[in-house]
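Rule-based calculations on the coordinates, nothing more; no lab input. Everything numeric here is computed off the predicted structure, so don't read it as measured data. Glycine gets a Cβ as well: all are built from the backbone with ideal geometry, and neighbour counts include every protein chain shown.
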């Protein structure tokens with residue numbers, strides 16, 4: 001049995017995650033009255049956390065929305081088929097287990113030693129989109145968190161030459177569905193202990209988990225090191241994604257550089273690329289540098 005202190009810390013952690021999810025939903029209008037939300041459940045800590053927090057918010061939200069948990073059984077060798085149904089039955093929630101042998105396709109198409117994630121992801125998306133249509137789903141919820149979003153930003157910069165990441169809300173590849181990421185404001189280092197406290201029955205992904213040299217893992221290690229050495233840097237980088245200044249980048253499709261002319265009138269942020277004085281005078285302990293989870297609660301609207 002948990003001690004009073006342990007229970008207090010557990011409640012505090014759940015509240016922090018709940019607040020972060022509530023704010024993301026409100027900021028991006030992720031869930032609306034009458035929505036039927038498909039919660040994509042992989043069996044990992046992130047998707048379990050997403051389902052738990054959305055279920056908690058559903059009980060107190062001022063709007064009505066339904067949750068449908070969906071898992072794709074990709075027929076990986078040794079996949080424990082009974083784990084998720086048993087867990088979902090205990091929650092008394094609507095769910096569907098979709099059986100599709102994408103594993104064999106991936107192993108057949110991808111040479112040994114090559115990264116399987118890209119093809120696996122495309123195949124999985126296609127199955128989930130089809131399932132969403134069959135179930136009358138209006139929103140597809142994925143379990144990507146804040147760290148996933150930042151990692152994707154750096155992966156695209158380092159290896160793709162694009163300033164691009166995972167948006168909290170978007171239209172699916174086929175244009176037929178709205179995809180949301182309710183954990184967009186949640187830190188992985190909060191999700192890990194939360195999953196441990198809840199004792200979620202984690203199912204590892206053996207298809208790609210053995211690929212230790214993935215570029216994403218290298219970027220994750222880099223960000224984790226920065227977080228240890230420079231507390232607050234991760235939060236600052238994520239806020240930067242929400243404060244984009246096209247006039248101070250170099251994409252002529254986003255800003256009309258060709259017609260710029262001197263007018264003789266001072267321009268705010270004119271040639272100031274880096275506000276050094278402002279930066280040096282700002283303590284990392286000031287309110288604007290606090291992690292996103294310290295902000296006030298915003299419930300689902």
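Some notes on this structure:
- Working ranking of peptides 234-247, 26-39 by packing, defined as the average number of other Cβ atoms within 10 Å per residue, highest first, is 26-39, 234-247.
- Short-range pairs are left out: with C-alpha atoms under 8 Å and at least six residues apart, the relative contact order of the chain is 27 percent.
- Helix axis angle, 45-60 relative to the chain longest principal axis, alpha carbon, degrees: 90 degrees
- Region 166-263: relative contact order in percent, alpha carbon pairs under 8 Å with at least 6 residues between: 10 percent
- Approximate spin-label separation residue 13-residue 83, in nm, with each point projected 7 Å along Cα-to-Cβ: 1.9 nm
- Take every DSSP beta bridge whose two residues both sit in the chain; close to 15 percent of them are antiparallel.
- Cα gyration tensor shape of region 71-155, rounded if a/c is under 1.5, else prolate or oblate by comparing a/b with b/c: oblate
- Label-point separation, residue 101 to residue 5 (7 Å along Cα→Cβ), nm: 5.5 nm
- Estimated from helical segments only, the mean residue ellipticity of the chain at 222 nm is -13500 deg cm²/dmol, where each DSSP H run of four or more residues counts as -39500 (n - 2.57).
- Region 4-222: Rg to Rh, with Rh as the Kirkwood radius over Cα pairs: 0.95
- Peptides 10-20, 56-66 ordered by average Cβ neighbours within 10 Å, highest first: 10-20, 56-66
- Using the Cβ-Cβ distance between residue 109 and residue 199 with R0 set to 35 Å, the FRET efficiency works out to roughly 0.45.
- Rounded to the nearest 10 degrees, the inclination of helix 4-28 to the longest alpha-carbon principal axis of the chain is 70 degrees.
- Length gained on full extension, residue 60 to residue 225, computed as 0.36 nm times the residue gap minus the Cα-Cα distance: 55.6 nm.
- Axis angle, to the nearest 10 degrees, between helix 146-155 and the longest C-alpha principal axis of the chain: 60 degrees.
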